[in-house]
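These notes concern the structure reproduced below.
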């Protein structure tokens, strides 16, 4: 299992680590451009092989967008983990209580509370979760509207 993890890290380093990549002498924008051109080429080859004439354009466009999204997602994820590994300080150690981070934590706690209450209501044996029985409104819609109408 550990060898698989090391292989995956080495594979990601080959593509995205500036010190290990064969394209390290090139500027970052050129390296990104090369990755995008390669995804264009491989998407076109795969699309020509798999899709029929009628579905080629949509299939190619979908695959190309997926490749570009995958490249950016892997690159950004790898860079974020790389940054986090370099500076692994806790929020409580740095005292950097960003309001956005606090709101995210509050949102997660509130969401978990609401979700657990919803599950509790759904799994309760009584379909009406209130303790007071409800038999419907005391007046019909027409009886409620009658005081506001001209005809009395």
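The values are calculated or read from the model by the stated rules, or taken from the named source; none is laboratory data. Given the structure is predicted, the values throughout are model-derived calculations rather than measurements. Using ideal geometry, Cβ is built from the backbone for each residue, glycine included, and neighbour counts are taken over all protein chains shown.
Per-structure values
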read-out	value
Count of the stretch 120-150 residues which are modelled with pLDDT of 65 or more, loosely packed, with under 10 Cβ neighbours inside 10 Å and not in a loop (DSSP other than H, G, I, E, B)	5
Meets criteria (modelled with pLDDT under 80, surrounded by 12 or more Cβ atoms within 10 Å (Cβ to Cβ) and part of a helix (DSSP H, G or I)) for residue 67	no
Residue match in the stretch 75-93 (condition: more than 25 Å from the chain's Cα centre (by Cα), at pLDDT below 70 and over 30 Å from residue 39 (Cα atoms))	yes
All positions within the stretch 33-59 that are surrounded by 10 or more Cβ atoms within 10 Å (Cβ to Cβ) and either in contact (Cβ under 8 Å) with a residue 40 or more places away in the chain or not in a helix (DSSP H, G or I) (or both)	51, 55
Some residue of the stretch 104-112 being within 26 Å of the chain's Cα centre (by Cα), part of a loop (DSSP other than H, G, I, E, B) and either surrounded by 12 or more Cβ atoms within 10 Å (Cβ to Cβ) or at pLDDT below 80 (or both)	no
